[in-house]
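Undergrad: Let me begin by handing over the structure; questions about it come next.
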Amino acid sequence: MNIFDYMQKYDYEQLVFCQDENSGLKAIICIHDTTLGPALGGTRMWPYKTEEEAIIDVLRLGRGMTYKNAAAGLNIGGGKAVIIGDPRQHKSEELFRAFGRYIQGLNGRYITAEDVGTTVADMDMIHLETDYVTGVSPAFGSSGNPSPVTAYGVYRGMKAAAKLAFGSDSLSGRVVAVQGVGNVAYNLCRHLHEEGAHLIVTDINEENVNRAVNDFGAKAVGVNDIFGVECDIFSPCALGAIINDDTIPLLKAKVIAGAANNQLKEERHGDLIHEMGLIYAPDYVINAGGVINVADELQGYNRERALKKVETIYDTILKVYEIAERDGMPSYKAADRMAEERIASVGKSRNTFLQNGKTVYHR
Ligand SMILES: NC(=O)c1ccc[n+]([C@@H]2O[C@H](COP(=O)([O-])OP(=O)(O)OC[C@H]3O[C@@H](n4cnc5c(N)ncnc54)[C@H](O)[C@@H]3O)[C@@H](O)[C@H]2O)c1
Ligand SMILES: CC(C)C[C@H](N)C(=O)O
C-alpha cells in the first residue's frame, strides 16, 4: 500500500504511529479532517493480523468519523485510533497510559473515546495521562458508556425511517428483526418493546439472546435465519458489510435501520436496495448518538442537552431523504453529500486569519 497516495486521494491530514516497548503498545492515530473542529473518534483494540490491515482500518474509520460528525451537525472533525492487540489478553494500565501520553502530545488535535474492544475502564486509564479523552466514568463529570445513547439515536432514526416507509412513525405493532443484541441493541430493544414493537432477534452469544427473550419477549431465530424472517424493519446491530449479494435477496423488510458501522458491503449494494424501494437509514447518520453524547463533554457534559441533540437524528434522516429525492440518488449518497456540503461551506467561512489561532487559514 502506498500510504501517501491513499492519504492524498482522500485528503487525510495526519497519521501517527505510536510505539512503546515497555507496555507493548503499538497504536496508530488517524486525523482525517479538522475543518469543523478537533478530530474525535473512538479507539479500536483489535488483533490485526498485519500492520497493513491496521493502517487500512484506521484510515477508513477515521474518514468515516469525519462524515458522521459532520452529518450530525457537530463542530467536530474526524479521526480514529487503533491499538494492535487482543482486548482479552493485552490490556494493561501501562499500555493505556502510554497511549494516553501520545494523545496528549497531539495537544487536542485528536480526542478519543470507546470503540470495538475498548471500555469506559480503559478510557479512565487513558484519562490518567490526557485531557483529550471522552466517555470516561461519570464520576469524573464525564458521559460514561455511549452505547445506551447510541441506541436511543437508532430508535429515533428508525421512527423517521418508518414514517418514510409506512406513513406513520409509530412502531407499535411493527415487527423488527435485530441482528446482534449486544450493548447497543439491548437498549434499542428496550425502547422498541416499550413502544409495543414485536422483536425477532439473533446473536452468536446465547446469553445475549436469552436476555432479549426474557426481558422483552423477543422471538429468537438462528444467525442465518434473521435475514429472511417476515418483518417490517431489519436492524443490523452486529457487523459491517452485512448488506451484500447474499443477504439482499433474502430480505422481506421495507426498512433497514440499525447501529452497525459500514453496513453496505460495497456502494453498489446501496444502489441495489434503493432500486428495490427499501428505505435505508445510512449507518453513520443513525448511529451518531454515541459520538453526539461524548462530544457534549467538550462543553461540560449535560445529559439532557446531549439527548435533545440525539433526538434530532430523526430530522436528519428525513433531511437525507429530502436530498435523496431532490438530487435523485440513494440515501447513502445523499448522506455523503450532506456532510461534504457542510464541511465545504464551513471551511470557506474560515478563510479569515484570526490572531488567536482558533480558526486559521485552511486551504
Ligand atoms: N457502542 C456504540 O456506542 C456504537 C456507536 C456507533 C456504532 N456502533 C456499532 O454498532 C454495532 C454494535 O455495537 P455494540 O457496542 O453493541 O457491540 P457489542 O459487541 O456489544 O454487540 C454486538 C453483538 O453482535 C453479536 N454478533 C457478532 N457477530 C454476529 C453474527 N454473525 N450474528 C449475530 N450476532 C453477532 C455479538 O455477539 C454481540 O452480542 C457495532 O457494529 C458497532 O461498531 C456502536
Ligand atoms: C466516539 C465514539 C463514541 C464513536 C463510536 N465508537 C462510533 O463508531 O460512532
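Undergrad: Could you work out the relative contact order of the chain? I mean the mean sequence separation of Cα pairs under 8 Å and 6+ apart, divided by the number of residues, in percent. Spell out each step's value before the answer.
TA: Numbers: 769 pairs, mean separation 54.5, N = 363.
With pairs under 8 Å counted, the relative contact order is 15 percent.
Undergrad: State, as an integer percentage, the relative contact order of segment 46-177 based on alpha-carbon contacts under 8 Å between residues 6 or more apart. Spell out each step's value before the answer.
TA: Numbers: 143 pairs, mean separation 20.0, N = 132.
Over segment 46-177, the number comes to 15 percent.
Undergrad: For Lys49, go through the aspartates and glutamates and keep the ones whose alpha-carbon is under 14 Å away, minus same-chain ones fewer than eight residues off.
TA: Excluding near neighbours in sequence, the set is Asp57, Asp86.
Undergrad: Going by average Cβ neighbours within 10 Å, how do the peptides 223-230, 70-77 rank, with the highest at the top? Each step should come with its number before you reach the end.
TA: Values: 223-230: 15.6, 70-77: 22.1.
The densest-packed peptide leads the list: 70-77, 223-230.
Undergrad: Would you kindly derive the ³J(HN,Hα) couplings of segment 272-286 from the backbone phi angles with the Karplus curve 6.51 cos²θ - 1.76 cosθ + 1.60 (θ = phi - 60°), listing them in order in whole Hz, with x for Gly and Pro?
TA: Values per residue, Gly and Pro as x: 5, 5, 5, 5, 7, x, 6, 8, 10, 7, x, 3, 6, 7, 6 Hz.
Undergrad: What Kirkwood hydrodynamic radius do you get for the chain when you take the inverse of the mean 1/r over all pairs of distinct Cα atoms, in Å? Numbers along the way, then the final one.
TA: Values: mean 1/r = 0.0479 Å⁻¹.
When all Cα pairs of the chain are included, the Kirkwood radius is 20.9 Å.
Undergrad: Averaging sequence separations of C-alpha pairs under 8 Å and six or more residues apart, then dividing by the length of segment 147-342, give the relative contact order as a whole percent.
TA: 24 percent
Undergrad: On a 0 to 90° scale, report how tilted helix 183-195 is relative to the longest principal axis of the chain, with both axes built from alpha carbons and the result rounded to the nearest 10.
TA: 40 degrees
Undergrad: Please give the contour-minus-distance gain from Lys348 to Ser23: 0.36 nm per residue of separation, less the Cα-Cα distance, rounded to one decimal in nm. Walk me through the numbers on the way to the answer.
TA: Working: separation 325, 0.36 × 325 = 117.00 nm, distance 4.32 nm.
Net length gain for the segment: 112.7 nm.
Undergrad: Between Ala295, Met45, Cys18, whose Cα lies farthest towards the positive end of the dipole of the chain when Lys and Arg beta carbons carry +1 and Asp and Glu beta carbons carry -1, centred on the Cα centre?
TA: Ala295
Undergrad: I would also like to ask the following. Between Leu61, Leu192, Leu106, find the one with the highest GNM mean-square fluctuation for the chain; connect C-alpha pairs within less than 10 Å.
TA: Leu106
Undergrad: In addition: Could you give the length gained by full extension between Asp169 and Arg337, i.e. 0.36 nm per residue of separation minus their alpha carbon distance, to one decimal place? Don't skip to the end; give the middle numbers.
TA: On the way: separation 168, 0.36 × 168 = 60.48 nm, distance 2.52 nm.
So the chain would gain 58.0 nm between Asp169 and Arg337.
Undergrad: Let me test this: with uniform point scatterers at the alpha carbons of segment 74-129, what is the Debye-based log₁₀ I(q)/I(0) at q = 0.15, 0.27, 0.28, 0.31 1/Å?
TA: -0.42, -1.26, -1.33, -1.50
Undergrad: For segment 115-214, what value does the Rg/Rh ratio take when both radii are computed over Cα atoms and Rh is the Kirkwood radius, given to two decimals?
TA: Working: Rg = 16.4 Å, Rh = 15.2 Å.
Taking Rh as the inverse mean 1/r over Cα pairs, Rg/Rh reads 1.08.
Undergrad: May I pose another question? I need the semi-axes of the equivalent ellipsoid of segment 88-158: take the C-alpha gyration tensor, multiply each eigenvalue by 5, square-root it, list largest first in whole angstrom. Walk me through the numbers on the way to the answer.
TA: Working: eigenvalues 109, 40, 25 Å².
Largest first, segment 88-158 gives 23, 14, 11 Å.
Undergrad: Can you give the local net charge around Ser168? Use residues other than it whose beta-carbon is closer than 10 angstrom to its beta-carbon, Lys and Arg +1, Asp and Glu -1. All intermediate terms of the calculation are to be shown ahead of the outcome.
TA: Working: positive: Lys159, Lys163, Arg174; negative: Asp169.
Counting the neighbours of Ser168, the net charge comes to +2.
Undergrad: Counting other C-beta atoms within 10 Å, which of Met276, Met45, Met158, Met7 has the fewest, and how do the rest follow? Please report the intermediate quantities before stating the final value.
TA: Values: Met276 12, Met45 26, Met158 29, Met7 16.
Listed from fewest to most nearby Cβ atoms, that is Met276, Met7, Met45, Met158.
Undergrad: Across every pair of different alpha-carbon atoms, what Kirkwood hydrodynamic radius in Å does segment 147-342 reach? Present the calculation step by step, with values, prior to reporting the outcome.
TA: Numbers: mean 1/r = 0.0603 Å⁻¹.
Hydrodynamic radius (Kirkwood, Cα pairs) of segment 147-342 is 16.6 Å.
Undergrad: Of all DSSP beta bridges located in the chain, what percent are antiparallel, nearest 5? Write out the running numbers ahead of the final one.
TA: Values: 13 of 39 bridges.
Of those bridges, close to 35 percent are antiparallel.
Undergrad: How many angstrom lie between the C-alpha centres of segment 64-137 and segment 203-281?
TA: With segment 64-137 and segment 203-281 each reduced to a Cα centre, they are spaced 29 Å.
Undergrad: About the Cα centre, and with charges only on the beta carbon of Lys, Arg (+1) and Asp, Glu (-1), how big is the dipole of segment 260-352? Nearest 20 debye, please. Could the numbers behind the result be given before it?
TA: Working: 13 positive and 16 negative charges, 73 e Å.
With Lys and Arg at +1 and Asp and Glu at -1, about 340 debye.
Undergrad: Related question: Identify which of Pro236, Pro87, Pro330 has the largest mean-square fluctuation in a Gaussian network model of the chain, with springs joining Cα atoms closer than 10 Å.
TA: Pro87
Undergrad: Taking each pair of distinct Cα atoms in segment 243-292 once, what is the resulting Kirkwood hydrodynamic radius in Å?
TA: The Cα-based Kirkwood calculation yields 11.4 Å.
Undergrad: Something else about it: Rounded to whole Å, give me the distance from the Cα center of segment 1-19 to that of segment 34-59.
TA: 11 Å
Undergrad: Sticking with this one: What full-extension length gain, to one decimal in nm, is calculated for Glu51 and Ala121 as 0.36 nm per residue of separation minus the Cα-Cα distance?
TA: On the way: separation 70, 0.36 × 70 = 25.20 nm, distance 2.61 nm.
Full-extension gain reported as 22.6 nm.
Values in this text are rule-based calculations from the coordinates and carry no lab data. Only a predicted model underlies this, so the values are computations on that prediction, with no experimental measurement involved. Reconstructed Cβ throughout: ideal geometry from the backbone, glycine too, with neighbour counts over all protein chains shown.
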